[in-house]
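> Have a look at the structure that comes next, please.
The values are calculated or read from the model by the stated rules, or taken from the named source; none is laboratory data. Predicted, not measured: the structure shown is a model, and the values here were computed from it. Cβ: placed from backbone, ideal geometry, glycine included. Neighbour counts: every protein chain shown.
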Amino acid sequence: MSDLDSPAFHPVDSLEPVDSLAPIDGVSQGTALKSAGDRRTTPATIDGMTTLKSKLQEDLNAAIKERDELRSATLRLTLAAITKEEVAGKTKRELSDDEVQKVITREAKKRREAADAFAQGGRPESAEREKAEGVVLAAYLPKQLSDEELQQIVGQAVEEARAAGAEGPRAMGQVMKIVNPKVAGQAEGGRVAAVVKKLLAG
């Protein structure tokens, strides 16, 4: 019986710390990106309720057993970020799925920003690693709106705000108020704001 088959084996506890910027052994960065992107996931179900955190933990255990270093390292760091959020207040609490999703969104944004920074700094391998981790996290987030879809939603909101008499800086706030509930989880705030500014100026 292998160590993996032994009842005493604990996948999460047995995982050694992994450098999130380390190369992906034996796998090209392009292959890693495709492999991660092919895994679209759904939350686990416990007592009829879906728990995104449980799904992350299950997928981490599976990744460790499969020797998938990219996924295991990414999910391990994400779960650590979730735990940090849970103990940030005066008392420890369990995050809701929406709150867990916000943590994942924040972690994905960090990967994109790091990828850009590494690319600009002449470190393409590290940039590709960050992109690959971002693809892993994207599987746990709602599908992002395309530029065309976002522009259409914002365009309708701009027309609605102007019809209500909103002009100048006030129009920006009014449009964002209309758009945000419609694109929640499907587009980053900075991306939305940029489109709003562009259409208001046009």
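> Of the residues 127, 132, 117, which single one is at pLDDT 95 or above, farther than 18 Å from residue 70 by Cα, small (Gly, Ala, Ser) and surrounded by 12 or more Cβ atoms within 10 Å (Cβ to Cβ)?
Of 127, 132, 117, the one residue that is at pLDDT 95 or above, farther than 18 Å from residue 70 by Cα, small (Gly, Ala, Ser) and surrounded by 12 or more Cβ atoms within 10 Å (Cβ to Cβ) is 117.
> Still on this structure, please answer the following. Sort out for me the helices (runs of 4 or more DSSP H) sitting completely within region 106-202 that have 2 or more residues that are touching a residue at least 40 places away in the same chain (Cβ under 8 Å). Reasoning before the result, please.
Numbers: elements: 124-138, 147-163, 168-183, 189-201.
Fully inside region 106-202 and qualifying: 124-138, 147-163, 189-201.
> Just to be sure I understand the filter: pairs with C-beta atoms under 8 Å, separated by 6 or more residues or on different chains, first member in region 75-104 and farther than 23 Å from residue 132 by Cα, second member exposed (fewer than 10 other Cβ atoms within 10 Å of the Cβ) and not aromatic (Phe, Trp, Tyr). Which pairs pass?
Pairs that qualify, where the first residue is farther than 23 Å from residue 132 by Cα and the partner is exposed (fewer than 10 other Cβ atoms within 10 Å of the Cβ) and not aromatic (Phe, Trp, Tyr), are 86/92.
> Look through region 62-100, keep the residues that are small (Gly, Ala, Ser) and not in a helix (DSSP H, G or I), and return whichever of them is modelled with the lowest pLDDT. Before you say what the answer is, go through the steps one by one.
Filtering region 62-100 down to residues small (Gly, Ala, Ser) leaves 62-63, 72-73, 80-81, 88-89, 96.
When the remaining residues are screened for being not in a helix (DSSP H, G or I), the result is 88-89, 96.
Numbers: 88: 92, 89: 87, 96: 91.
Across region 62-100, the extreme among qualifying residues is 89.
> On the basis of being in a helix (DSSP H, G or I), among the polar types (S, T, N, Q) and either closer than 21 Å to residue 185 by Cβ or modelled with pLDDT under 90 (or both), does residue 20 make the cut?
Against the criterion (in a helix (DSSP H, G or I), among the polar types (S, T, N, Q) and either closer than 21 Å to residue 185 by Cβ or modelled with pLDDT under 90 (or both)), residue 20 does not qualify.
> Among (1) within 21 Å of residue 59 (Cβ to Cβ); (2) at pLDDT below 90; (3) surrounded by 19 or more Cβ atoms within 10 Å (Cβ to Cβ), where does residue 185 come up short?
Residue 185 satisfies all of (1) within 21 Å of residue 59 (Cβ to Cβ); (2) at pLDDT below 90; (3) surrounded by 19 or more Cβ atoms within 10 Å (Cβ to Cβ) except (3).
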